[in-house]
Amino acid sequence: MELYFLGKLLGARYIDYGYIAAMPDITKRPAIREQETMELLEDEGLIETDFSGDAEVMPEVAGFLHPVLFSGREARLRIGEAVHTFHLEDGRVVEGTLDGGAIAFHEVSDQDIYALLAGGDAAVIQLADVRTGYSRKEYGEDELLDAKACAQAVALLKGAA
């Protein structure tokens, strides 16, 4: 719910449906849920509220979440049962990991992506862009052992292929 309300404050263009589906139903007691979430966001230092109750997202939080809420480009990597979502914008890659209803975001490097692919398992990569469409590529276990194929997979996850 925190991401939803941060997105609402920032005027987000996109919030991945997987994140919305993982949150509790906000149609039940919406005012209370919003108030509780806004208090939590303020306690965590993610927003600042003035005397009139107007909230503002801290600039570093807004900047960090920009690819998640505004880029419209994302890649998904499925390895076995694990799914990693990468939000892409201007060379930045922010990974969103959903675990038991909680979402963790962190910026990833090429080395982080190579490490995910180095597990020796087959991988499926999906790239979606609201402007250019959707693509999908599967890599077998042996394929990802090849440096060229692995580099192609990393480029695809970063939206460059």
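The values are calculated or read from the model by the stated rules, or taken from the named source; none is laboratory data. This is a predicted model, so every value here is computed, not measured. Backbone-built Cβ (ideal geometry, glycine too); neighbour counts: all protein chains shown. We work out accessible area using only protein heavy atoms, side chains counted, and drop any ligands, DNA or RNA first. Shrake-Rupley method; radii C 1.70, N 1.55, O 1.52, S 1.80 Å.
Here are some notes:
- For the chain, the longest principal axis of the Cα atoms and the long axis of helix 147-157 meet at an angle of about 30 degrees.
- On Cα atoms only, tilt of 59-70 relative to the major axis of the chain in degrees: 60
- Compactness of segment 1-64 as Cα Rg over 2.2 N^0.38 Å, two decimals: 1.10
- Linear extension gain, Glu36 paired with Glu81, 0.36 nm per residue minus alpha-carbon span: 12.9 nm
- For segment 82-121, the spread of Cα coordinates along the three principal axes comes to 29, 27, 11 Å, biggest extent given first.
- Gap separating the Cα centres of segment 45-76 and segment 109-151, nearest whole Å: 29
- Count, lysine Cα pairs under 30 Å in the chain, 8 or more residues apart or across chains: 5
- On a per residue basis, the chain carries 58 Å² of accessible surface, using protein heavy atoms and a 1.4 Å probe.
- Sorted largest first, the spans of the alpha carbon positions of segment 72-158 along the three principal axes are 32, 31, 20 Å.
- Radius of gyration over Kirkwood radius for the chain, both on Cα atoms: the Rg/Rh ratio is 1.03.
- Once both labels are positioned 7 Å from their Cα atoms along Cα-to-Cβ, the gap between Glu141 and Glu107 label points is 3.6 nm.
- Per-atom-type breakdown for the chain gives carbon and sulfur 52% of the accessible area (1.4 Å probe, protein chains only).
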